[in-house]
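Below is one structure, written out as structure tokens, with a few remarks after it.
Just so it is clear, none of the values below were taken in a lab; they were calculated from the coordinates. Because the structure is predicted, anything quoted here is derived from the model rather than measured. Cβ sites come from the backbone with ideal geometry, for glycine too, and all protein chains shown count toward neighbours.
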Amino acid sequence: MVESPAEYELSFDRPSDHGLLIRMAGPWKMSNRLPSREPVAEALEQGAEVREITFDAAEVTEWDSGLLAFLSEVNRLGEKRNIDVHLEDLPNGIHQLLKLAAAVPEKEDTGREEKPSSWLTRIGLRAQKAGSESLNFFEFVGNTLLSFLRLITGKARFRRVDFFVTLQECGPMALPIITMISVLVGLILAFVGAIQLEMFGAQIYVANLVGLAMAREMGAMMTAIIMAGRTGAAFAAQLGTMQVNEEIDALITLGISPMDFLVLPRIISLIFMMPLLCIYADLMGILGGALVGVFMLDLSPTAYYIQTREAVPLIHFVVGIIKSGVFGVIVSVAGCMRGLECGRSATAVGQATTQAVVTAIVWIIVADATLTFIFSLMGI
């Protein structure tokens, strides 16, 4: 007999050769430091082999979840040793709670570390994910083209005030950051060129370096990257938040196409503003190079202007403007697509914003390399 003084009572009896009776009395509460299943395991080892366990809880005065935990441990011990445990002999309240607890079995793999998948499985999963994302991309592009067709035929439905607000956000409100970055990029290009050209007394050709770099590449490239982090991320966050708040579902319920009402104004605004921002960035970058040429290389403003005009024909600005238009499409499509694909949580909005910026920057680099190669083949 195992007994806790003035607390609970636990005793064992053998009503038959192959049976074990567990008697419980007194208060069985967790505050009394209830026993584990070890005394029961010791009782099972004594005498003949036990095939069934019964209970006598008639003298239990009060109990809580501690008694249920003890009985559950005994039940699991019986299952492990293939012993029949008769819980139905317990009072009705205890029996019903134990039955309810056993209705949802404990997960055996809880907390277990998953084994890493094989490299072939990982390749297959990534290929499947890439295929799914490609289908989503082409579907989005197709819906965008259909939305443009509805715009041409006058069937697209969106508010003009939303278009002009988005136009202002993409254009004038972006001028301060475009100005700062473009001037600094022009300064950096001029500094780098001056270090080498001063060795040959050819400081005047800093104007050629800065002008060509800004007109063909850096103006459009830096503008696109800035707009990807500023406007593309804003598009994704706005549409993602609307997805979380079920506003997009409400538009669909009202028979309004989200592509027309939300996506179309944003894409058109960025396509219109990107070439203008690119021209402005080109001028600011050339101005930054001029500051280095005039104040550090002792070049006259007139000489720098003439050298830039002769070194940078209009066709180079046209190349940059074409690139900026393509970049505008990429940034707006990436932002809107990731926003519409957003999940229904705050975390999903953050992920959509991050994916929009990463997608836009990657495709900007790819598009720039492709267009540069095409213009090189064309001799431009």
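Provide the FRET efficiency to the nearest 0.05 for the ARG126-LEU254 pair, computing r from the beta carbons and using R0 = 35 Å.
Approximately 0.35, to the nearest 0.05.
Can you give the extra length, in nm with one decimal, that the chain gains between ASP162 and ASN136 once fully stretched, where that is 0.36 nm per residue apart less the Cα-Cα distance? Walk me through the numbers before you get to the answer.
Details: separation 26, 0.36 × 26 = 9.36 nm, distance 2.62 nm.
Here the segment from ASP162 to ASN136 would lengthen by 6.7 nm.
Helices from the chain with mean Kyte-Doolittle at least 0.0 and a Cα length along the axis of 20 Å or more, per DSSP H: which?
TM-like helix candidates: 65-80, 119-152, 175-197, 264-295, 314-340, 346-377.
Which one of THR54, THR166, THR144 has the biggest mean-square fluctuation once the chain is modelled by GNM with Cα springs under 10 Å?
THR54
For segment 143-377, what's the relative contact order in percent, using C-alpha pairs closer than 8 Å and at least 6 residues apart?
RCO, segment 143-377: 33 percent.
Within the set of other residues whose C-beta is less than 10 Å from the C-beta of ARG266, count the net charge using Lys and Arg as +1 and Asp and Glu as -1.
Every neighbour counted, the sum reads -2.
Take the Cβ-Cβ distance between ARG150 and TRP119 as r, set R0 to 45 Å, and report the resulting FRET efficiency rounded to the nearest 0.05.
0.45
What's the exposure ranking of GLU310, GLU52, going from fewest to most Cβ atoms within 10 Å?
Neighbour counts put them in this order, fewest first: GLU310, GLU52.
Against the 2.2 N^0.38 Å scaling, with N counting residues, where does segment 2-103 land? I'd like the Cα-based Rg ratio to two decimal places.
That works out to 1.01 for segment 2-103.
Once fully extended, how much extra length lies between ASP64 and ALA367, figured as 0.36 nm per residue of separation less the alpha-carbon to alpha-carbon distance? It would help to have the intermediate numbers written out before the result.
Numbers: separation 303, 0.36 × 303 = 109.08 nm, distance 6.90 nm.
Full extension from ASP64 to ALA367 adds 102.2 nm.
Please give the length that would be gained between ALA202 and LEU184 if that part of the chain were fully extended, namely 0.36 nm times their separation in residues minus their C-alpha to C-alpha distance (nm, one decimal). Don't skip to the end; give the middle numbers.
Numbers: separation 18, 0.36 × 18 = 6.48 nm, distance 2.23 nm.
That works out to 4.3 nm of additional length.
I'd like the distance between the alpha-carbon centres of segment 357-380 and segment 164-186, rounded to an integer number of Å.
Centre-to-centre distance over Cα atoms comes out at 22 Å.
Give me the net charge for the shell around VAL319: Cβ to Cβ below 15 angstrom, other residues only, Lys and Arg +1, Asp and Glu -1.
Every neighbour counted, the sum reads -1.
With runs of 4+ DSSP H residues as the only contributors, calculate the mean residue ellipticity of the chain at 222 nm using -39,500 (n - 2.57) per run, divided by the residue total and rounded to the nearest 500.
Estimated from H runs of four or more residues: -21500 deg cm²/dmol.
Within the chain, what is the number of lysine pairs with alpha carbons under 22 Å apart, leaving out pairs fewer than eight places apart on the same chain? The partial results should precede the final answer.
Working: LYS29/LYS99; LYS80/LYS99; LYS80/LYS107; LYS99/LYS107; LYS107/LYS115; LYS115/LYS129.
Pairs that pass both the separation and distance tests number 6.
Could you check what % of the DSSP bridge pairs in the chain are antiparallel, to the nearest 5?
Approximately 40 percent, going by the DSSP bridge assignments.
Test of understanding: in a Gaussian network model of the chain with alpha carbons linked when under 10 Å, which of ALA281, ALA41, ALA156 would top the mean-square fluctuation ranking?
Taking springs between Cα atoms under 10 Å, the residue moving most is ALA41.
If I build a Gaussian network model for the chain, linking alpha-carbon pairs within less than 10 angstrom, which residue out of GLY26, GLY335, GLY320 has the largest mean-square fluctuation?
Fluctuation is largest for GLY26.
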